[in-house]
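Scroll down for the structure; my scribbles are underneath it.
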Amino acid sequence: DYVVVKMIPDNRLPPRHLHSVHTGKTFAVIKWESPYDSPDQDMLYAVAVKDLVRKTDKIYKVKTRNSTVEYTIKKLEPGGKYHVIVQLGNMSKESSMKINTVPLSAPDALKIITENDHILLFWKSLALKESNFNESRGYEIHMFDSLMNITAYLGNTTENFFKVSNLKIGHNYSFTVQARCLYSGQMCGEPATLLYDELGTGEDSSASKTGRSTDVAAIVVPVLFLLLVTLGIGFVVLYMRHRRLQNSFTAFANSHYSSRLGSAIFSTGDDLGDEDDEAPMITGFSDDVPMVIA
């Protein structure tokens, strides 16, 4: 024997199995199930999103008959913290959860250039890969002294470089650069970290060494190129002079060539000018000068 029992739906029950499916920088996909299986009519849900940083609230309405509901919450902020509440529109019992959106990425290509009495931090603009980042927001820089075991806030800038002075000899430092934190430091970007050794080569990270080698190559390569160009021009000049000398000698030889004798005839120097004619001729010797015949 058996009996069929149909339960009366209770609209005062909360949504079931509320959870996050995917979270991005500016959105979050949430999912839940209806208070009871196989609803026989459309159900109206109220989705309340509380911004725990800005202290603001937003309410969205979702109407569906599906047993499983998936909803995307948009217009969130990177690195934000939110409290999400889902319940039926008749203000029944609620289900809630917390969501943290993905923060902004860390700046790329962070490197150090050492000067005489200070160092310069350089990095790529975060706006190149983050459409949600505005340069007017700027960056903030922190420094960790491993010897003193302290972290210091150095300041912020809207540029892509930062000058650091008054570093102590013998101390190892770690520098971090990130998108400037908003709302009392509660909404920050991911930090890019670089190590610096004051006693060593000045840079203790592969990124900074790569930056230094790149700078050296940027100087050496043009110098080598100029040397090669100079050598090439020198060879061309020598070759042209050699060709001119060869052509001049050939023309000179052809102008003194005798077809009758089959050879070139050159001057012996007797007919070079009148200077030899003006020289006095030796006509004799003095009687008092002895002559020595070898």
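Of the listed requirements (1) part of a strand (DSSP E or B); (2) assigned by the TED database to the domain that holds W32, L121 misses just one: (2). Kindly indicate whether A109 is part of a strand (DSSP E or B), among the small types (G, A, S), open to solvent by 20 Å² or more (accessible area, probe 1.4 Å) and touching a residue at least 12 places away in the same chain (Cβ under 8 Å). When the stated conditions are applied, A109 does not pass them. If you go through region 59-76 and keep only what is open to solvent by less than 100 Å² (accessible area, probe 1.4 Å) and part of a strand (DSSP E or B), you end up with Y60, V62, T64, T68, V69, Y71, T72, I73.
Whenever a residue of region 170-184 is under 24 Å from L104 (Cβ atoms), its partners that are in a loop (DSSP other than H, G, I, E, B) and open to solvent by less than 30 Å² (accessible area, probe 1.4 Å), lying with C-beta atoms within less than 6 angstrom and at least six residues away or across chains, give the pairs V177/P107; V177/L110; V177/W123; Q178/G189; A179/L104; A179/G189; R180/G138; Y183/V53.
The values are calculated or read from the model by the stated rules, or taken from the named source; none is laboratory data. Every value quoted in this text rests on a predicted model; they were computed, and no experiment measured them. Cβ: placed from backbone, ideal geometry, glycine included. Neighbour counts: every protein chain shown. With ligands, DNA and RNA removed, areas are computed over all heavy atoms of the protein, side chains included. Shrake-Rupley method; radii C 1.70, N 1.55, O 1.52, S 1.80 Å.
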